[in-house]
1. Any idea which of Ser190, Leu201, Ser226 is furthest toward the positive side of the dipole for the chain, if Lys and Arg beta-carbons carry +1 and Asp and Glu beta-carbons -1?
2. How far is helix 236-247 tilted, in degrees, relative to the longest principal axis of the Cα atoms in the chain, given as a value from 0 to 90 rounded to the nearest 10?
3. Using helices alone, I'd like the mean residue ellipticity at 222 nm for the chain: each DSSP H run of four-plus residues gives -39500 (n - 2.57), total over residue count, nearest 500.
4. Using Cα centres only, tell me the gap between region 85-102 and region 1-30 in whole Å.
5. Does anyone have the angle between helix 72-90 and the longest principal axis of the chain? Alpha-carbon axes, 0 to 90°, nearest 10?
6. When Lys and Arg each count +1 and Asp and Glu each count -1, what net charge do the other residues less than 14 Å away from Ala247, Cβ to Cβ, add up to?
7. In this model, which of Lys183/Lys207; Lys94/Lys155; Lys56/Lys239; Lys132/Lys248; Lys30/Lys155; Lys13/Lys94 are farther than 19 Å apart at the alpha-carbon?
8. With an 8 Å cut-off on Cα pairs and a minimum separation of 6 or more residues, tell me the relative contact order of region 2-182 in percent.
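Bear in mind these aren't lab numbers, they're just calculated from the coordinates by the rules spelled out. This structure is a prediction, so every number in the text was calculated from the model and none was measured. Because the Cβ atoms are built from the backbone with ideal geometry, glycine has one as well, and the counts that use them run over all protein chains shown.
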Amino acid sequence: MTVRVETEAGVAKVILDNPERLNALNATMKDQLIDAFQGFAEDDAVRAVVLTGANKAFCSGADVTSMGQLDVRSGRRRLHTAHTLIRAMMHLEKPIIAAVRGPAVGIGWSLAMASDYIVASPTAKFGQVFKKIGLAPDGGAVFLLTQYVGVLRAKELVMSARIISAEEALRLNLLTELVDDDKLDQRAMSIATEMAASAGLALGMAKRLFLGAAGVGLDTFLELESHVQNQLLATHDHKEGAAAFLAKRPPKFEGR
């Protein structure tokens, strides 16, 4: 259960490596990702980043082993860590290419959307399934989805909690490219290598402009998200949703 970083020719390849849980993020992995992306900002030898998952998954979301046991204080700490990670990625003035195969769910999908270029294989699947555990999306998901597809479609994806295929994600402009699975890693590295050899300062300033063009600021939105999610963590519905998820049974929500 770790995050591996391999660097070659100006490209840092970040690999989520928790295959027993389809690369679900635990607290240690989030801290490792934060350290990595904050470190890339200061490392002149790194000019582009590829983010991917080990084996057959990108990231199936947060590790659910402690789900339903968080109080408001621990929930706030968890969200602060997730927000620090998303900020580190989106404020990194170097291009990030997400190479996605298999599930990219919850925070896993947010990691892909916080990247600058998303290339996926036909095995990729995406979803925001928070409503099934009595929570609203976190990890900046609503902010990011709205930027990609607009408010109406973002609401549909969040409120239905459905899983979408790579083909549908491409149609919705949630992917940059769709490539054969056996070509995914090579294609992602090719894109990163080309970007690493280009005008890095110009790419970094372009990222800053895109973030500024997003309307409501990322930091303002993440503060709102933290407030909403901390309220929901204390509800009966979240505890019931978490228990039902772990027991693999339908939840019985009561609206409290």
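1. It is Ser226.
2. Value to nearest ten degrees: 70.
3. That comes out to -14500 deg cm²/dmol.
4. If we compute the Cα centre of each part, the gap is 13 Å.
5. 20 degrees
6. +4
7. From the list (Lys183/Lys207; Lys94/Lys155; Lys56/Lys239; Lys132/Lys248; Lys30/Lys155; Lys13/Lys94), the Cα-Cα distance tops 19 Å for Lys183/Lys207; Lys94/Lys155; Lys56/Lys239; Lys30/Lys155.
8. With pairs under 8 Å counted, the relative contact order is 19 percent.
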